[in-house]
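Here's the structure, in structure tokens; my notes come after.
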Amino acid sequence: MAGLQYAGEYQIKELLIHTSSGSILNLTKATQSIDIYEDMFKTALSGSITILDVDNVAENGPIIGQEYMTIKLTTPSLEEEELEFIFAITKVTAREGLDPNVQLLALTFVSPEILRDKRIRVSKSFTDPINKIIESILTDSRYINTNKNVYLEETAGIRKVVCPNLHPYEFIKNLTMEAVTAKNGSPYFFFFENLKGIQFKSLNRIFAEDSIGEFHTGDVVPLAGKTVDHENDFKRALEFQINSNNDMILNTLGGMLGSNTIKYNIYNKSFEKLRYNYFSDFDKFSGSRIDENPIYNSNEIDIFDNNVGSFGDSKIYLHPTNASGDSDTQHTNSTSSYSYVPNKLNEAILFRRAKVMEINNSINITMKVNGNTTIAAGQTIQLTVPITGRVHEKETDEYYSGRYLVTKLRHSFYQPDKKHEIILTASKDSLPKELPQNGKAVEPLGSAGVVYNTTY
């Protein structure tokens, strides 16, 4: 951290706007703030920028929402690493006059790949593993044609699929729903973009990687007389909040705890019911959870020995299929044999949708930290949360502490203070410590009986 004056320090080396008329506007000194958003559930980066316009660049450019912006900035906290981004400006969101000679200009931007995606469609058949099909869509000059770093995880099986005139990212989203890992068939794939590039990864791969940073929620203000500790400043949560989580009604209705899929064969008119139970399927795919223990208790809750995962009818999926066994019965190869792997979406849908709900509706936190561009969506962090209230034997909350998955974050670069801060959302789908068990814990039913009203 040589040369670092304070945590979150950065410097804009260059910020240029390339207009549709051919002019180049240098707004390096006019920039007030930049926000860049990453999200595991979004296909591309997005953001906004505010500019203190003293030269009427909005009209002289002119800036009409058809521009490209290049940003170069350095972060001394990362030993003068230079970061460079290219974004497409999509609209002018605000134009506020501060005085007769100055106006505040707000612009919205996205990754350029989004514009290309919205302009074209794909009508083509593909015969390859899903990761190879996605690679083709992203790099082919006829489609997305990206020159960014692309990180693709290997998927299982040779697939034959037809893209029926869909936008490229729409097609990739469908493929992501069908993809399973080559290692153990885990269906938990995500397609997104972070500051490091375009990602097509499974949770198995994400959880297998080392955590990118350690954070704690205590001692926000340095003690008097203590020297500034930059390393600790990067680990300290400036703001911390435990969001609403473990919504029992939402998680029950959404199928996170239990669901059924009715798989019916459109040719022979047969059907099969596939069941998902949160507890019995908890370890279905090894390496797909951040910790080892469920976030719900498996206590039996009624006289029929059911737990909260036993009610599959709370969410029912219907899925047609003509597949037989492990072969795609829709497509044959050159020898007329059924050699391609079917999508098996009917089997993956129970697990994948439950997992998405686990990420969004289980233990979920939001915190603000000093800026660090090594942190990105789709990585994990370590978090230490102290026990609040009176003095306890243990200082650390054993349930809320531990490893978290970073699902989304906002990089905020505030130019007047030269300060970079991150607001991130992170979640965990499991606990580092097992919940206490209570054996049979029948839910209370009340004591009143049935009353008949016979008076009219």
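Each Cα pair under 8 Å and six or more residues apart adds its sequence gap; the mean of these over the residue count of the chain is a relative contact order of 17 percent. For Asn56, put the label point 7 Å out on the Cα→Cβ axis and report which residues of region 97-124 keep their amide N under 16 Å from it. Only 97-105 pass the distance filter.
From the square roots a ≥ b ≥ c of the eigenvalues of the alpha-carbon gyration tensor of region 5-46, which class results: rounded (a/c under 1.5), prolate (a/b over b/c), or oblate?
Values: a/c = 3.45, a/b = 1.14, b/c = 3.03.
It comes out oblate by the Cα gyration axes.
Residue separation times 0.36 nm, minus the C-alpha to C-alpha distance between Gln382 and Asp210: what's the value? Additional length available on full extension: 60.9 nm. Once you have a ≥ b ≥ c as the square roots of the Cα gyration tensor eigenvalues for region 116-204, tell me rounded if a/c is under 1.5, and otherwise prolate or oblate according to whether a/b is larger than b/c. Note, shape of region 116-204 comes out oblate. In terms of the mean number of neighbouring beta-carbon atoms within 10 Å, the peptides 255-264, 195-204, 142-151, 412-421 order highest first as 255-264, 195-204, 412-421, 142-151.
Looking at the square roots a ≥ b ≥ c of the eigenvalues of the Cα gyration tensor of the chain, which shape do they give, rounded for a/c under 1.5, prolate if a/b is larger than b/c, or oblate? Before the final figure, lay out each step's value.
Details: a/c = 2.00, a/b = 1.25, b/c = 1.59.
Verdict is oblate for the chain.
Could you give the angle, 0 to 90 degrees to the nearest 10, between helix 345-361's Cα long axis and the longest principal axis of the Cα atoms of the chain? Helix 345-361 and the main axis of the chain meet at about 60 degrees. Remark: spin-label model distance Glu443-Thr396 equals 3.5 nm, labels positioned 7 Å along the Cα→Cβ axis.
DSSP beta bridges in region 248-358, what fraction antiparallel, as a percent rounded to 5? Percent antiparallel among DSSP bridges in region 248-358 is about 55.
Sort 162-170, 239-247 for me by packing, meaning the mean count of neighbouring Cβ atoms within 10 Å per residue, highest on top. Could the numbers behind the result be given before it?
Numbers: 162-170: 16.6, 239-247: 13.1.
For the peptides 162-170, 239-247, the packing ranking is 162-170, 239-247.
Length available on full extension from Tyr68 to Lys132: 0.36 nm per residue minus the Cα-Cα distance, which gives 20.1 nm. Arranged from fewest to most other beta-carbon atoms within 10 Å of their beta carbon, Lys235, Lys269, Lys183, Lys118 become Lys269, Lys118, Lys183, Lys235. Compared with the dominant principal axis of the Cα atoms in the chain, helix 168-178 is inclined by about 30°. Quote the FRET efficiency, to the nearest 0.05, computed for Glu170 versus Glu434 with a Förster distance R0 of 41 Å and r equal to the Cβ-Cβ distance. Taking R0 as 41 Å, the efficiency between Glu170 and Glu434 is 0.50.
Would you mind checking the pairs Lys273/Lys440; Lys263/Lys344; Lys263/Lys315; Lys273/Lys344; Lys29/Lys196; Lys315/Lys428 and listing those with alpha carbons more than 19 angstrom apart? Each step should come with its number before you reach the end.
Details: Lys273/Lys440 28 Å; Lys263/Lys344 10 Å; Lys263/Lys315 14 Å; Lys273/Lys344 14 Å; Lys29/Lys196 26 Å; Lys315/Lys428 23 Å.
Exceeds cut-off: Lys273/Lys440; Lys29/Lys196; Lys315/Lys428.
Quick one: net charge around Thr19, please, counting Lys, Arg +1 and Asp, Glu -1 for every other residue with C-beta under 12 Å from its C-beta.
Numbers: positive: none; negative: Glu59, Glu67.
That sum, taken over residues with Cβ under 12 Å, equals -2.
Work out how much length Tyr267 to Ile316 would gain on full extension: take 0.36 nm times their residue separation and subtract the Cα-Cα distance, in nm to one decimal.
Details: separation 49, 0.36 × 49 = 17.64 nm, distance 2.18 nm.
Between Tyr267 and Ile316, full extension yields an extra 15.5 nm.
For a modelled paramagnetic label at Asp291, 7 Å from Cα along Cα-to-Cβ, the residues of region 413-440 in reach, with backbone nitrogen under 17 Å, are 426-437. Take the Cα of Arg121, step 7 Å toward its Cβ, do the same at Gln241, and the gap between the two points is 4.2 nm.
Here, each number is a calculation from the coordinates, and none is a lab measurement. Please read these numbers as outputs of a predicted model, since none were measured by experiment. Neighbour counts run over all protein chains shown; Cβ positions are idealised from the backbone, glycine included.
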